[in-house]
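A short reminder: the numbers here are calculations on the coordinates, not readings from a lab. Only a predicted model underlies this, so the values are computations on that prediction, with no experimental measurement involved. FYI the Cβ positions are ideal-geometry reconstructions off the backbone, even for glycines, and counts take in every protein chain you see.
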Amino acid sequence: MRSAVLSLVIAAVAVAAAWRGVAAARDGRGSMTTPPSPVIYPAQRLPLTFSHARHARLDQVTCATCHRDTATSRSAVDNLMPTEAVCAGCHPIDRSQPERVVAGQPPARCDACHPGWRPGLPFARVHVPPPNLKFGHASHRDVDCRTCHGDLAGVDLATRDDLPKMSVCLDCHDDRRAAAACTTCHLAGIAGRVRTEFPEGPLAPSGSLAGDAHDTDFRTNHAAVARAEAGYCAGCHAESFCADCHAGAIKPLDFHGGNYLLIHAVEARRGSPDCSACHRRQSFCVGCHERSGVARRISDVPLLRFHPEGWASGGIGNHGVEARRNVNACAACHRDDFCVQCHTAEPTGMRISPHPPGWAGSARCDAMVKRARRMCLRCHIGEDEARCDR
């Protein structure tokens, strides 16, 4: 129990450290210029004709005039949208007179606020789903509304784009003035980690904090972020999540992009990423190459020549030199039994020795036998043959 709590504390401290200094580029309303996450702020329906800017210019109207319950709201699920009764405090609304006009008074016609309304037909309802966050306006009642929502004096109908982004929260929640653990604001899931699965989709970092945007490239390029802030990753992921890819028997099928088959040779030769971390060369790689005709094994599949004429006989480009230099490159296409057809000590084979002159009885031979005797037995079938004094 103590280690679990310690892990959560370390994760929180690491996240707080990653958050410091993140107040990145902002527009005139104090918000990040990128749109907010549709998972944090689900899609809204606002079939309204309304101008925050026009109301903000009125001396008698403040934010609390319309959003009356904000001072006592302690949950993000509270509906703080103004009701018709609130609007009727200024607008002489009368449902029995849907087309009412009062001289010198604010508009009262139904279609003045509800575009498309027709007598006898219901008007489209406003739908503002609660955010997937923990937040209480009452805890922030001493903070000016503009600090989080920006200056709406130049905005007509405010939307989810005017809701505060994470950078705004981090101006205060930097672990010095206010708590900075992820679950201070984000909903908690299993074992106190951040909940990442929602009906609106998965919650993933945008990359603004630690360069960790979870795009298609992040699956292959996340090592630097993981090494720099392991506790940061632990805020959302359990160790089993990492182990399922790095040590699991079943690998994810969506790791590579859709056209990776056409370009994988470049990374395979370079060794980055290491193909053998997930794939067995002698089964997965060689098997695919054989089925596609790049390597010879299945007689009814035409061979697509890879090496130049004379390669095997040592004419053009001595293949023995290349094999000694990087035998893994050969193993990408050829199985052991392909090489053994020529390099075997059995009477039925061609008995072509892969060893240089003076190999038998040499110190290198003795070292090879001690280090990898099984390799010797691929060609030297009997135990008495796998000796360096022969």
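Working note: Karplus 6.51/-1.76/1.60 with θ = phi - 60° gives the range 66-80 the couplings 9, 9, 6, 8, 5, 5, 10, 6, 10, 9, 6, 7, 5, 8, 9 Hz, where Gly and Pro are set to x.
The order of Ser353, Ser96, Ser167, going from fewest to most other C-beta atoms within 10 Å of their C-beta, is Ser96, Ser353, Ser167.
By its C-alpha gyration tensor, with a ≥ b ≥ c as the square roots of the eigenvalues, how is the range 171-250 shaped: rounded for a/c under 1.5, else prolate for a/b larger than b/c, else oblate? Don't skip to the end; give the middle numbers.
Working: a/c = 1.73, a/b = 1.46, b/c = 1.18.
Judged from the Cα gyration tensor, the range 171-250 comes out prolate (a/c at least 1.5, a/b above b/c).
Phi angles across the range 47-53 convert, under the Karplus curve 6.51 cos²θ - 1.76 cosθ + 1.60 with θ = phi - 60°, into 3J(HN,Hα) values of x, 9, 10, 7, 10, 5, 4 Hz, Gly and Pro given as x. Under 12 Å between alpha carbons, and skipping anything fewer than 8 positions from Lys134 in its own chain: which aspartates and glutamates qualify? By straight Cα distance, Lys134 reaches Asp78. Give me the number: length gained by fully extending Asp366 to His279, i.e. 0.36 nm times residue separation minus the C-alpha to C-alpha distance, one decimal in nm. Full extension of this stretch gives 28.1 nm more.
As a footprinting exposure proxy, order Lys370, Lys134 by other Cβ within 10 Å, with the fewest listed first. Write out the running numbers ahead of the final one.
Details: Lys370 9, Lys134 14.
Lowest to highest Cβ neighbour count: Lys370, Lys134.
The alpha-carbon of Lys251 sits under 13 angstrom from the alpha-carbon of none of the aspartates and glutamates, leaving out residues fewer than 8 places away in its chain.
Here the Karplus relation 6.51 cos²θ - 1.76 cosθ + 1.60, evaluated at θ = phi - 60°, turns the backbone of the range 221-235 into coupling constants of 10, 9, 4, 5, 5, 5, 6, 6, 9, 4, x, 5, 5, 5, x Hz, with x for every Gly and Pro.
Measuring from centroid to centroid over Cα atoms, what is the spacing of the range 88-126 and the range 200-270 in Å? Their Cα centres are 53 Å away from one another. Under a 5 Å amide H cut-off, with hydrogens placed 1.01 Å from N, Phe198 pairs with Leu203 among residues at least 5 apart or on other chains.
For the residues Met81, Met368, what sequence is obtained by ranking on other C-beta atoms within 10 Å, fewest first? Provide the component values of the computation, followed by the final result.
Numbers: Met81 13, Met368 17.
Listing Met81, Met368 from fewest to most nearby Cβ atoms yields Met81, Met368.
Mind checking the range 170-270 for trypsin sites (Lys or Arg not before Pro) that DSSP puts in a loop (not H, G, I, E or B) and that have at most 16 other Cβ atoms within 10 Å? Please report the intermediate quantities before stating the final value.
Working: sites: Arg176, Arg177, Arg193, Arg195, Arg219, Arg227, Arg269, Arg270; in loops: Arg176, Arg177, Arg193, Arg195, Arg219.
Within the range 170-270, the qualifying trypsin sites (Lys or Arg not before Pro) (loop, at most 16 other Cβ atoms within 10 Å) are Arg176, Arg177, Arg195, Arg219.
Ranked from highest to lowest mean number of other Cβ atoms within 10 Å per residue, what is the order of the peptides 112-118, 205-211? Show your work: numbers first, answer last.
Values: 112-118: 14.6, 205-211: 17.3.
Top to bottom by mean Cβ count within 10 Å: 205-211, 112-118.
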